[in-house]
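Chemist: This is the structure I want to talk about, given as structure tokens.
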Amino acid sequence: MKGLGELERSIMDILWAENAPLTAREVGRLIEDRDLAPTTVMTVLDRLSRKGFLTRTRDGRAWRYQPAASRDAYVAELMLEALDMTGDRDAALTRFAQAVSGTEAEILRKALTELGEE
Amino acid sequence: MIAAAVLAALATTCALAAWRLTFARWTWRAPRTAILLWQSLGVTWGLASTGALLAFALGPYGKGVVHGLAEFLAGFLASVGSSVRDPYDMVRLAALIAGLSLLAVLVALPLAAGAQTLRARRRHRLLLALVARDEPAVPGVRVVDFPGAAAYCLPGLKSQVVISDGTLHLLSSAELEAVLAHEAAHVRERHDLVLLPFAALRRALPWSKLVRDAQASVELLIEMAADDRARRRCCPRRLATALLRFGTSAALPTPQGALGASASSSVMARVDRLVRPEMSLPPAQRFLILTGSVVLATSAPLLWLLPG
């Protein structure tokens, strides 16, 4: 059986791939690991909801789960956190992005060509 | 009174030395030693400036800062119940309040910054667990599907090195190896902990150019220290070209609470250093600076005990 972290990942992948909210039973059917106990799927769905990655709605006696945000949104959040580095906008890490533009990028590009030729 | 004067002089000396150190270039030839000197200057400045205020305030006790504080507190508590109060010099009282406030700020800030960093990292870690994948070509490294260039380490008890999919395309395998060696050095030496107090101080004093320059210097020195570790395990030239490729690829800076392979405007300084290595500082000089740092850092606590 897969680790819990990996299971969370595959369940998120399933829900991201589907466009509709799914019940735990439906998720269990789509998951690769057929030996998985239905309660395990439910536990993981519950955990993900509590962490705020899934939202759930009542559907009769079951819950239907869907991702709170798209995969791309999370990737963007990860990569854009960068701009917030250490809380102050002009920190050294944000300066790098500015240094890369215009003439400074040209200097680096030239250095790269020189180094590449040797 | 002597203790207060000496502590004030020490604080001023530290500030002046820090100012000089932001221009120093020998530091690039011994980044690790220079980082230690920076830390020592920071701690000593904090203890000396708060100590000077407290020593002045508690001068009448003639027992030094530590014992004077204890005596003041005991006297204060005893007078709370009774209606009789010792007359107290307003200037000294102001110095006492200023000294204690500064001390509280200097202790609380890194703690608050640490807590905030931990929160940001936890969120980052959770998201990584959901969207990052393992790549057989680079075992042990988390890969995020993102076209831009990004490489960083997420420090913690279980540090993670993360690169973007774009980095895999941007760099040759030798360059990638160099970048990973650089990040592994950050992980191993917990450079994030070195940066934390400087970043906290900077947030406390955003208007201070000296603090800003100090933080930038330490950041650069940390990158250089990681470069030095990496060059032992890979070709320095490949690390240099990897830096330049990152610089020219409109790379995003590294995420909050993480250290980047190329997160500095001083890319060229690092490239020059990698391609044309200067002699590292002679051991005798490094030893001298190290000893000086240790003496400096122990001087302030001793002065806190100095009576008078």
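Values quoted throughout were computed directly from the atomic coordinates according to the rules given, and no laboratory measurement underlies them. What you see is a predicted model; the values in this text were computed from it and never measured. Because the Cβ atoms are built from the backbone with ideal geometry, glycine has one as well, and the counts that use them run over all protein chains shown.
Chemist: Mean residue ellipticity at 222 nm from the helices of the protein assembly as shown, using -39,500 (n - 2.57) per DSSP H segment of n ≥ 4 over the full residue count, to the nearest 500 deg cm²/dmol?
Modeler: Numbers: 17 runs with 284 residues, N = 426.
It lands at -22500 deg cm²/dmol.
Chemist: Counting only residues 5 or more places away or on other chains, whose amide H sits under 5 Å from the amide H of B:Phe146 once H atoms are built in the peptide plane?
Modeler: Here the answer is B:Asp165, B:Gly166, since their amide H atoms fall under 5 Å of that of B:Phe146.
Chemist: Another question, then. I'd like the mean, over residues of B:146-157, of how many other protein chain beta carbons sit within 10 Å of each residue's own Cβ. Can you show the working numbers first?
Modeler: On the way: counts 5, 1, 2, 0, 3, 0, 3, 0, 1, 0, 0, 0.
Mean partner-chain Cβ count within 10 Å for B:146-157: 1.
Chemist: Now for a separate question. Taking amide H atoms as placed 1.01 Å from N in the peptide plane, list the residues 5 or more away in sequence, or in a different chain, whose amide H sits under 5 Å from that of A:Trp63.
Modeler: A:Ala24
Chemist: Could you give the nm distance between label points at B:Arg92 and B:Leu193, where each point is 7 Å from its Cα heading toward the beta carbon?
Modeler: 4.1 nm
Chemist: Taking every residue in B:124-130, how many Cβ atoms of other protein chains lie within 10 Å of its Cβ, on average?
Modeler: Numbers: counts 3, 0, 6, 8, 2, 8, 15.
For this peptide, the per-residue mean of nearby foreign Cβ atoms is 6.
Chemist: Over region B:122-277, what relative contact order in percent results from Cα pairs under 8 Å that are six or more residues apart? List each step's numbers first, then the result.
Modeler: Working: 216 pairs, mean separation 40.0, N = 156.
26 percent.
Chemist: Work out from phi, with θ = phi - 60° and the Karplus expression 6.51 cos²θ - 1.76 cosθ + 1.60, the ³J(HN,Hα) of each residue of region B:209-224, listed in order in whole Hz, and give x for Gly and Pro.
Modeler: 5, 4, 5, 5, 5, 4, 5, 4, 4, 5, 4, 5, 5, 5, 5, 5
Chemist: What's the angle, to the nearest 10 degrees (0 to 90), between helix B:283-305's Cα axis and the longest principal axis of chain B?
Modeler: Its long axis makes an angle of about 30 degrees.
Chemist: Moving on. Please compute, for peptide A:71-80, the average count of beta-carbon atoms on other protein chains lying within 10 Å of each residue's beta-carbon. If you can, show how the numbers build up before the last one.
Modeler: Values: counts 3, 3, 2, 7, 9, 1, 5, 16, 12, 4.
Going residue by residue through A:71-80 and averaging, the value is 6.
Chemist: If you don't mind, another one. Report the calculated FRET efficiency for B:Leu102 and B:Arg25 (r = Cβ-Cβ distance, R0 = 30 Å), to the nearest 0.05.
Modeler: On the way: r = 32 Å, r/R0 = 1.07.
E(calc), rounded to 0.05, equals 0.40.
Chemist: Sticking with this structure for a sec: I'd like the orientation of helix B:64-81 relative to chain B: the angle between its Cα long axis and the longest Cα principal axis, in ° from 0 to 90, rounded to 10.
Modeler: Long axis of B:64-81 versus the principal axis of chain B: about 60 degrees.
Chemist: Shifting gears a bit: May I ask you to evaluate 6.51 cos²θ - 1.76 cosθ + 1.60, the Karplus curve with θ = phi - 60°, for each residue of region B:132-143 and list the ³J(HN,Hα) values in order in whole Hz, giving x for glycine and proline?
Modeler: 7, 10, 8, 10, x, 5, 10, x, x, 10, 8, 10
Chemist: Here is a follow-up. Anyone know which of B:Leu102, B:Leu77, B:Leu118 comes out most mobile in the 10 Å Cα GNM of chain B?
Modeler: Looking only at B:Leu102, B:Leu77, B:Leu118, the largest GNM fluctuation is found for B:Leu77.
Chemist: Hey, quick one: spin label on A:Thr55, modelled 7 Å out along Cα-Cβ, who in region B:115-134 has an amide N within reach, i.e. under 20 Å?
Modeler: Answer for this model: B:127.
Chemist: For region A:4-67, what's the radius of gyration and Dmax over Cα atoms, in angstrom?
Modeler: Calculated on Cα positions, Rg and Dmax stand at 10.4, 30 Å.
Chemist: What do you get for the angle between helix B:2-23 and the principal long axis of chain B? Use alpha-carbon atoms, 0 to 90 degrees, nearest ten.
Modeler: 20 degrees
Chemist: Residue-wise, which Karplus ³J(HN,Hα) couplings in Hz belong to region A:69-78, taking 6.51 cos²θ - 1.76 cosθ + 1.60, θ = phi - 60°, and x for glycine or proline?
Modeler: 9, 6, 4, 4, 5, 5, 4, 5, 4, 4
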